[in-house]
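All of the numbers you see were taken from the coordinates with simple rules; none came from a lab. Nothing here was measured: the structure is a model prediction, and the numbers come from that model. So basically every Cβ, Gly included, is an ideal-geometry build from the backbone, and we count neighbours across all protein chains shown.
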Amino acid sequence: MRETITLEIEQEATAVCCATPVTLATTAMATELAQAFKALGNPVRMQIIELLSRCDGQVCVCDIESYFELSQPTISHHLKVLREAGLVTSDQRGLWVHYRTVPEKLAALRDLLGVVCC
């Protein structure tokens, strides 16, 4: 009797398994996305991304700093982590640096979450 139950479970498991081939991200792409998710694992960096996403165009670092009660070097560190993860890019304009999000990278994260979550 026990063998019959085991066979039924195995057959049922086979029926539920994916029948169509699934294309996974390459190891390089998965590594890149993991680095981006890791960068977003900090609340301040999440808030910076939210700020940049809500603002059209570029945001000056002095304006970013005004939203936080953190020192300038701390904000610069968070922006550096986001830049290294490919989530933001920057342009130097005189003494000030202006930041903006990288829409393609945020879209890749959104797409991955859509596949995983839904």
Round to the nearest 0.05 the FRET efficiency obtained for Gln72 and Asp111 when R0 = 22 Å and r is the Cβ-Cβ distance.
0.05
Kindly write out, for the stretch 90-104 in residue order, the coupling ³J(HN,Hα) from the Karplus curve 6.51 cos²θ - 1.76 cosθ + 1.60 (θ = phi - 60°), rounded to whole Hz, with x marking Gly and Pro.
9, 10, 7, 10, x, 7, 9, 10, 10, 10, 8, 6, 9, x, 5
